[in-house]
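Below is one structure; the comments refer to it alone.
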Amino acid sequence: MKKYRRDLDILKGIAILAVVIYHMGFLKSGYLGVDIFLLINGFFVIPSIYNKVKNNEFKYFDFLKNKYIRLAPLVIMACIIVMIIGFIGMLPDDYENLTQSVIASLGFSQNILSAITTKDYWNIINEYKPLMHFWYIGILMEFYIVIPLIIYLAKKISEKCNKDFKNITIAILAILTVISFILFLLPTFSDGNKFYYIFFRIWELLLGGIIYFILDSTENKIRKNKIAKYTSICIILIILLLGTINTNYNTFWEDRIVPIGSKQVYNSNLILPNNIAIIITLLFSGSFIFRDRCEFKCNILEKIGKMSYSIFVWHQPILAFYRYFVEYKLSLTTTIIYILIVLLISYASYRFIEQKLKNNKKTLLSCIVLTVIIAIVAFIIYLNAGVVRNVPELDINKDSVHYKMHAEYVDRVYKYDSDFKKSEKIKILVVGNSFARDFANILLESKISENIDLSYAYSLNTSYIERLKKCDYIFYFGYKSDIQGYVWENIKEDCTVYGIGTKNFGESNGAIYSKRFCENYFEQTIKLNESYKNLNRDLKDEWKDQYIDLISLVQNQKGEIKVFTDENKFISQDCHHLTKAGAKYYSKLINFEKIIIDKNKIKEVLI
């Protein structure tokens, strides 16, 4: 540790390149680069704290201040820039989500926000979020807060029990590593929680510290084994590359889209399962770190490794805004331009901010003041639902907005989760997630709304039996085969059950909205993702004539999907759920006379 480890800059260079290429869509296992960074962080931070605590030189709040000054300036700058760009061109719901991310990022808690909201790192929607990658910085800051306390505890135990401080430290680190690793492997926790929460990731950081202590007490001959060094880096590259290079960009994108209502589970098509890939990557990264430099050189990777933090901060905002405002896919030309822009901005960031930044009270105060100002501005915009201009395509006026307005329309159907009223109206039960609530809104916007008694259920169980017995019609979102037997046993003989179709309007309306000053703005269409095509086909095959195909209703002759209604309103705000205008539009497209054929009152309304 007395010598500068240039080889670790090379390893960081490999790791950051893997992450960037993964986010670009060309390397399916590139996300493993983050695990390498966690290991390296633990390797440097833990021994630094240990040695200072051992010599009674460690100051907890000075340590946190130093780490804050190291991380905060680029985070603050990124937040300012994305807020400005978002103000210029983002749709309100997207801008509201961005301000939420800004507040979380400034508080080093983007990982917690992601665990609560997105819950899935691999969700394609993350690719449109400029700050989604700051979950990693949240993990780091939480580690910096916790690890000194752990080492302090080891010092107290060693003093009280008159034991060697180093051995106690290693023992505690090992115990916590095992506990965290077991939590990481347990299937009882969701993948989202395992990815974003420190409890499930700290074992990777602690492992780096354990490697240091082993290295510190190992013979020089073993540490200088060149064969082991080169073998380790080769295996790391194989794990990152072998069988994971994506030759078909469309396949990479569509593999990551799991249609709402599908039985499919995301499959990265990696040769190795995710957990195994992480373990192998860390083992051989640890082996690489364990060996001395051995004159291991690669100047380009070394320079990239030194700039890795700047590259990490800037690559995602640039990529996310390109996808949001232009298009998701990167051509060869745009890929080259993107890489050059990232390297240029990252070099400037590294050279003139990271290297020039002074670790003093003035810098600390400046960071705190800027953080407070930006957080206040972001919070005000967040409370204003991200609305900074009128958006007539969404019937949004900046003079009549309120907090959480975007989800209100879809969620209003929850109030219908009650038993039917005592009336002669047609009793309709709608069952399923937000896609089912969309269909309920279609019914409520249709001509027949005054003649129906609507009830809603997110999912069915035996507590709904009395309601099932009264139904004239059931509209169910999902597979017919998933409906349990007690449902069929308790519905009336003349009750008709329909399957509600899936729908999709792309992954982001950003690129659509960015063309709002173009002549053909309202004529834009999107290509339907193959995953949704396949799901729609599967559902239709299962439900047959009792299926409401929502996709075919808005497809043109080329098979592309309309984005706007005939009145020039967005059919969907978030590309999945219907706006009020979208529900009205569908209510006119759906032939309710054909669906509800045996009720005179409905016929009278439709004539």
Original post:
Taking amide hydrogens as modeled 1.01 Å from N in the peptide plane, which residues meet the under 5 Å criterion relative to Ile396, leaving out close sequence neighbours?
Top reply: Val391
Original post:
For the chain, what is the relative contact order in percent, using Cα pairs closer than 8 Å and at least 6 residues apart in sequence?
Top reply: 17
Original post:
Can you pull the Rg over Rh of region 56-108, Cα-only, Kirkwood?
Top reply: 1.21
Original post:
Quick one: which of 550-562, 497-509 comes out on top by average Cβ neighbours within 10 Å, and what's the full order, highest first?
Top reply: 497-509, 550-562
**OP:** Could you run the Debye sum over the Cα atoms of region 438-560, one equal point scatterer each and no solvent, and tell me log10 of I(q)/I(0) at q = 0.10, 0.12, 0.20, 0.22 Å⁻¹, two decimals?
**Re:** -0.43, -0.59, -1.20, -1.33
Original post:
If you count the DSSP beta bridges with both ends in the chain, what percent of them are antiparallel, to the nearest 5?
Top reply: 30
**OP:** Please work out the Cα convex hull volume for region 154-231 and give it in Å³ per residue.
**Re:** 113
Subject >> Where Rh is the Kirkwood radius over Cα pairs, Rg/Rh for region 1-52 >> reply: 1.11
Original post:
Going through region 320-419, which chymotrypsin sites (Phe, Trp or Tyr not before Pro) have at most 13 other Cβ atoms within 10 Å and a DSSP loop state?
Top reply: Tyr403
Original post:
Sorted by accessible area with a 1.4 angstrom probe, largest first, how do Met405, Met132 fall?
Top reply: Met405, Met132
Original post:
Applying the Karplus parametrisation 6.51 cos²θ - 1.76 cosθ + 1.60 with θ = phi - 60° to the phi angles of region 56-68, what ³J(HN,Hα) value in whole Hz is obtained for each residue in order, glycine and proline being reported as x?
Top reply: 6, 10, 7, 10, 4, 6, 5, 4, 5, 4, 4, 5, 4
Subject >> Accessible carbon and sulfur surface of the chain relative to its total accessible area, %, 1.4 Å >> reply: 59
Subject >> Kirkwood Rh and Cα Rg combined as Rg/Rh, the chain >> reply: 1.03
Subject >> Among 298-311, 34-47, the order from most to least packed when residues are scored by Cβ within 10 Å on average >> reply: 34-47, 298-311
Original post:
What ratio of Cα Rg to 2.2 N^0.38 Å holds for region 403-477?
Top reply: 1.07
**OP:** For Cys234, Cys495, give the ranking by accessible area with the largest first, probe 1.4 Å.
**Re:** Cys234, Cys495
Original post:
Per residue and in cubic angstrom, what volume does the convex hull of the Cα atoms of region 338-475 have?
Top reply: 236
Original post:
If you add up the charges near Ser285, with Lys and Arg at +1 and Asp and Glu at -1, over every other residue whose beta carbon is less than 10 angstrom from its beta carbon, what do you get?
Top reply: -2
**OP:** Scan around Val497 for amide H atoms under 5 Å from its own, H built in the peptide plane at 1.01 Å from N, and keep only partners 5 or more places away or cross-chain.
**Re:** Ile474
Original post:
Taking every eigenvalue of the Cα gyration tensor of region 331-403, multiplying by 5 and rooting it, what semi-axes result, largest first, whole Å?
Top reply: 34, 26, 6
**OP:** Provide the per-residue ³J(HN,Hα) series for region 69-80, in order, calculated from phi with Karplus coefficients 6.51, -1.76, 1.60 and θ = phi - 60°, each as a whole number of Hz, with x at glycine and proline positions.
**Re:** 5, 5, 9, 5, x, 5, 4, 4, 4, 4, 5, 4
**OP:** Calculate the length of the line joining the C-alpha centroid of region 532-579 to that of region 85-118, in whole Å.
**Re:** 29
Original post:
So how compact is region 498-607: Cα radius of gyration and Dmax in angstrom?
Top reply: 15.4, 48
Subject >> Packing-based order for 473-484, 55-66, using average beta carbon neighbours within 10 Å, highest first >> reply: 473-484, 55-66
**OP:** Two decimals is fine: what is log10 I(q)/I(0) at q = 0.10, 0.13, 0.16 Å⁻¹ for region 1-105, from a Debye sum with one equal scatterer on every Cα and no solvent?
**Re:** -0.47, -0.76, -1.01
Original post:
Where only protein heavy atoms count, and the probe is 1.4 Å, what is the accessible area per residue for the chain in Å²?
Top reply: 46
Subject >> region 412-455: trypsin sites (Lys or Arg not before Pro) in DSSP coil with no more than 15 other Cβ atoms inside 10 Å >> reply: Lys421, Lys422
Subject >> Long pairs among Lys166/Lys356; Lys67/Lys226; Lys480/Lys527; Lys52/Lys156, criterion Cα-Cα beyond 24 Å >> reply: Lys166/Lys356; Lys67/Lys226; Lys480/Lys527
Subject >> Positive minus negative residues near Lys356 (Lys, Arg vs Asp, Glu; Cβ under 14 Å) >> reply: +3
Original post:
Taking a probe of 1.4 angstrom, what is the accessible area of Trp203 in Å², to the nearest 10?
Top reply: 10
Original post:
Mind listing the phi-derived Karplus ³J(HN,Hα) values for region 129-137, rounded to whole Hz, using 6.51, -1.76 and 1.60 with θ = phi - 60°, and x for any glycine or proline?
Top reply: 9, x, 10, 4, 6, 6, 4, 5, 5
Subject >> Accessible-area order (highest first, 1.4 angstrom probe) of the listed residues Ser190, Ser400 >> reply: Ser400, Ser190
Original post:
Mind listing which trypsin sites (Lys or Arg not before Pro) in region 505-547 are in a DSSP loop and have 15 or fewer other Cβ atoms within 10 Å?
Top reply: Lys515, Arg516, Lys527
Original post:
Which value in deg cm²/dmol, rounded to the nearest 500, describes the helix-derived mean residue ellipticity at 222 nm for the chain, given -39,500 (n - 2.57) per DSSP H run of n ≥ 4 and division by the residue count?
Top reply: -18000 deg cm²/dmol
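The values are calculated or read from the model by the stated rules, or taken from the named source; none is laboratory data. Every value quoted in this text rests on a predicted model; they were computed, and no experiment measured them. Note that each Cβ is placed from the backbone with ideal geometry, even for glycine, and that neighbours are counted across all protein chains shown. What goes into the accessible areas is simple: the full protein's heavy atoms, side chains included, and nothing from ligands, DNA or RNA. Shrake-Rupley method; radii C 1.70, N 1.55, O 1.52, S 1.80 Å.
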